[in-house]
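J.: Sharing a structure, written as structure tokens. Questions coming.
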Amino acid sequence: MPAPLNRVDTTPELPSTADVVVIGGGIVGVFAAYYLTRRGLKVALVEKGLIGAEQSSRNWGWCRQQNRDARELPMSTKSLELWERFATETGEDTGFRRCGLFYLSNSDEELSGWARWRDFARSVGVTTHMLSSAEATERGRATGASWKGGVFSPTDGTADPASAAPAVARAILKLGGTVHQSCAARGIEIEGGRLSGVVTEHGTIRTKIAILAGGAWASSFCRQLGIRFPQASIRSSILSVSPGASSLPDALHTSAVSVTRRRDGGHTLAISGRARVDPTPQQFRFARQFLPMFARRWRSLAPGGLEGFRSGHESLARWRLDKPTPMERMRILDPTVDEATIALTHARALELLPALKKTAISATWAGYIDSTPDGVPGIGEIATLPGFILAAGFSGHGFGIGPGAGHLIADIVTGDEPIVDPMPYHPDRFGGSAWGKVADF
Ligand SMILES: Cc1cc2nc3c(=O)[nH]c(=O)nc-3n(C[C@H](O)[C@H](O)[C@H](O)COP(=O)(O)OP(=O)(O)OC[C@H]3O[C@@H](n4cnc5c(N)ncnc54)[C@H](O)[C@@H]3O)c2cc1C
């Protein structure tokens, strides 16, 4: 069984015009479309497959400040507020709860790293508690083991990957925005040096602004437009188990395995960082930039197969706008599960948390995680193509910051005070562009 996903209605008619077209209905695209629709703009969201069906329904659901890169921490803190506010604003349920995230370790090195992060976090007003051995062992009693220490971050939480993006898409529909599934954007039209339309498989939408929130497909789309966006993805395989182990922490990380309670009372099991690298033409193109990241992570990465070539998301092909593109041939990127990782993850989880022996595997799935070379997303307008805003490369932690990223994108479009400093995210750092207000409304 693949990753669970709730379904959303599609708007039957594609509009001929829109103030903004959002390309990609993952968590980033839906939140961008939501905040723009709330500001009274006419927004069309186009998704080549189903809302949330790629990375945004395949993740663990962690919405964390804990151990965040300093550049992403402000967005992460704001996002936690926005997750909560979204439920009260819309009545829609993403499954978000501030349940706290819990980390256990027997490694002095890891514990010192967490303590350093705690000190930094305190300096920017984020609370996280280092746990002594006795506290960690008590809080981690479900493991039946004693621990050197741990961390508990009480203001962090989880949302439900199966519900979140669909819930936001429903909110867009309620506000009068339109949502078009099975509708790939093939490219854009340009007039007078700026964006003037988005060409989809079902027709062209005239607009001055397009947001590319295409996840793992963003770089190959940018390539059609002469924009160089270094992006590479790795394949991560995880599983869920049925309800039945009620006494476990809501969200627990150890270096061996991580366990997250799901909305149905079951759990998601995963090994942090472990993934396969399926070579693609795009990876060769950007190899020099990604080498340092892959070198740092080589212990948890293993070579994959030719699937990356076949699936087309990192193709270097040029496509025409009047013919089906790679996006229409691969509506939902649903990569092969690495069975060895699933077996290892399950075995480690049963060893760590004996209560899981009462449960059965309910689903296994894999997802391609798209990254930038510095592990921080690229968000901002591309200076050489006014009206075109990139928002991709969320590097394995985009689900939790989806609301903040969506809000920032809306701020960029409308020229409102940005919710966080946009500069650390600007795609300029990959090669030349400028941030500014995009259009007058
Ligand atoms: C196994 C796993 C575990 C993870 N765990 C976590 C976690 O616990 N916490 C966390 O914060 N993050 C986590 N992540 C990362 C997180 O899921 C992603 O960073 C986030 O979902 C990215 O959202 P997105 O909207 O950018 O991309 P996606 O969710 O991939 O959405 C992009 C969408 O764009 C569509 N699209 C692409 N091109 C086009 C086009 N031309 N026309 C129309 N549609 C198009 C695609 O079909 C897709 O639906 C995890 C990821 C995985 C795979």
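J.: Modelled label-to-label distance, Ser300 and Asp264, 7 Å Cα→beta-carbon offset: nm?
T.: 2.7 nm
J.: Give the accessible area for Arg97 in Å² (nearest 10); use a 1.4 Å probe, count only protein heavy atoms, and leave out ligands, DNA and RNA.
T.: In the full protein context, Arg97 sits at about 110 Å².
J.: If you count only protein heavy atoms with a 1.4 Å probe, what accessible area per residue comes out for the range 11-96, rounded to a whole Å²?
T.: That works out to 31 Å² for each residue.
J.: For the chain, find the longest principal axis of its Cα atoms and tell me its angle to the long axis of helix 287-296, 0 to 90°, nearest 10.
T.: 10 degrees
J.: Turning to a different aspect of this structure: Could you give the dipole magnitude of the chain about its Cα centre, charging the beta-carbon of Lys and Arg +1 and that of Asp and Glu -1, in debye to the nearest 20?
T.: Magnitude of the dipole: close to 600 debye.
J.: I've got another one for you. Calculate, for Arg206 and Thr384, the FRET efficiency according to 1/(1 + (r/R0)^6) with r their C-beta to C-beta distance and R0 30 Å; round to the nearest 0.05. Before the final figure, lay out each step's value.
T.: Details: r = 21 Å, r/R0 = 0.70.
Working from the Cβ atoms, E equals 0.90.
J.: If Lys and Arg each add +1 and Asp and Glu each add -1, what is the summed charge of the other residues whose beta carbon sits under 12 Å from the beta carbon of Arg263? Could you put the intermediate results ahead of the total?
T.: Numbers: positive: Arg97, Arg261, Arg262; negative: Asp93, Asp160, Asp250, Asp264.
Surrounding charge for Arg263 is -1.
J.: If you don't mind, there's one more thing I want to ask. Under a plain spin-label model, where a point goes 7 Å from the Cα along Cα-to-Cβ, how far apart in nm are Ala317 and Glu81?
T.: Inter-label distance under the simple model: 4.6 nm.
J.: Something else now. Along the charge dipole of the range 180-291, which of Pro230, Ala213, Gly197 sits closest to the positive end, that is, farthest toward it, with unit charges on the beta carbon of Lys, Arg, Asp and Glu (+1, +1, -1, -1)?
T.: Ranked along the dipole, the leading option is Pro230.
J.: State the answer as a single residue: which of Gly265, Thr372, Gly312 lies farthest towards the positive end of the charge dipole of the chain, with beta carbon charges of +1 for Lys and Arg and -1 for Asp and Glu, about the Cα centre.
T.: Ranked along the dipole, the leading option is Gly312.
J.: Taking only the alpha-carbon positions of the range 130-270 and ignoring solvent, what does the Debye formula give for the base-10 log of I(q)/I(0) at q = 0.14 Å⁻¹?
T.: Taking Cα atoms of the range 130-270 as identical point scatterers yields -0.89.
J.: What is the dipole size for the range 239-390, taken about its Cα centre, with +1 at each Lys and Arg Cβ and -1 at each Asp and Glu Cβ, in debye to the nearest 20?
T.: Numbers: 19 positive and 14 negative charges, 39 e Å.
Here the range 239-390 has a charge dipole of around 180 debye.
J.: Past the 23 Å Cα-Cα mark, which pairs from Lys42/Lys208; Lys148/Lys358; Lys42/Lys174; Lys174/Lys323?
T.: Lys148/Lys358; Lys174/Lys323
J.: Pop out the Kirkwood hydrodynamic radius of the chain from its pairwise C-alpha distances, inverse of mean 1/r, in Å to one decimal.
T.: Working: mean 1/r = 0.0456 Å⁻¹.
Here the Kirkwood hydrodynamic radius works out to 22.0 Å.
J.: Going by Cα centres, the range 187-219 and the range 271-347 are how many Å apart?
T.: Cα centres, the range 187-219 to the range 271-347: 25 Å.
J.: Could you tell me the distance between the Cα centroids of the range 82-105 and the range 18-40, to the nearest Å?
T.: 20 Å
J.: Hey, what number do you get for the chain at 222 nm if only DSSP H runs of n ≥ 4 count, each worth -39500 (n - 2.57), divided across all residues, to the nearest 500?
T.: Numbers: 13 runs with 126 residues, N = 441.
Roughly -8500 deg cm²/dmol at 222 nm, from the helical runs in the chain.
J.: So for the pair Met423, Gln224, with labels modelled 7 Å out along Cα→Cβ, what separation do we get in nm?
T.: 3.4 nm
J.: What number comes out for the charge environment of Leu111, summing +1 per Lys or Arg and -1 per Asp or Glu over other residues with Cβ under 15 Å away? It would help to have the intermediate numbers written out before the result.
T.: Values: positive: Arg116, Arg118, Arg139, Lys148; negative: Asp108, Glu109, Glu110, Asp119, Glu135.
Taking every Cβ under 15 Å from that of Leu111, the sum is -1.
J.: Another question, if that's okay. From the phi angles alone, apply the Karplus equation (6.51, -1.76, 1.60; θ = phi - 60°) to the range 207-223 and give each ³J(HN,Hα) in whole Hz, x where the residue is Gly or Pro.
T.: 7, 9, 9, 10, 10, 9, 10, x, x, 5, 9, 5, 5, 5, 5, 4, 4
J.: Could you state the angle between the C-alpha long axis of helix 402-414 and the longest principal axis of the C-alpha atoms of the chain, as a value from 0 to 90 degrees rounded to the nearest 10?
T.: It works out to around 30 degrees.
J.: Restricting to Cα pairs below 8 Å that are 6+ residues apart, what does the relative contact order work out to for the chain? Please round to a whole percent.
T.: Result for the chain is 23 percent.
J.: Give me the net charge for the shell around Lys174: Cβ to Cβ below 14 angstrom, other residues only, Lys and Arg +1, Asp and Glu -1.
T.: Overall, the nearby charge balance is -2.
J.: Pop out the carbon and sulfur fraction of the accessible area of the chain as a percent, whole number, probe 1.4 Å.
T.: 53 percent
J.: Continuing with the same structure: Rounding to the nearest 20 debye, state how big the charge dipole of the range 311-441 is about its Cα centre with +1 on each Lys and Arg Cβ and -1 on each Asp and Glu Cβ. Before the final figure, lay out the partial values.
T.: Values: 10 positive and 16 negative charges, 112 e Å.
Rounded to the nearest 20 debye, it is 540 debye.
J.: Averaging sequence separations of C-alpha pairs under 8 Å and six or more residues apart, then dividing by the length of the range 1-53, give the relative contact order as a whole percent. Before the final figure, lay out the partial values.
T.: On the way: 53 pairs, mean separation 22.5, N = 53.
Averaging sequence separation for qualifying contacts and normalising by length gives 42 percent for the range 1-53.
J.: Please calculate the 1.4 Å probe accessible area of Asp250, with all protein chains present, and give it to the nearest 10 Å².
T.: 40 Å²
J.: Could you point to the residue in Ala363, Pro292, Val337 farthest towards the positive end of the range 275-370's charge dipole, with +1 and -1 charges on the Cβ of Lys/Arg and Asp/Glu respectively?
T.: Going by the Cα projections, it comes out as Pro292.
J.: What full-extension length gain, to one decimal in nm, is calculated for Asp250 and Ala347 as 0.36 nm per residue of separation minus the Cα-Cα distance? Walk me through the numbers before you get to the answer.
T.: Numbers: separation 97, 0.36 × 97 = 34.92 nm, distance 1.95 nm.
The Asp250-Ala347 span can extend by a further 33.0 nm.
The values are calculated or read from the model by the stated rules, or taken from the named source; none is laboratory data. Everything numeric in this text was worked out from a predicted model, so none of it was measured. So basically every Cβ, Gly included, is an ideal-geometry build from the backbone, and we count neighbours across all protein chains shown. The protein model used for the area step is the full one, side chains on, heavy atoms only, and it has no ligands, DNA or RNA in it. Shrake-Rupley method; radii C 1.70, N 1.55, O 1.52, S 1.80 Å.
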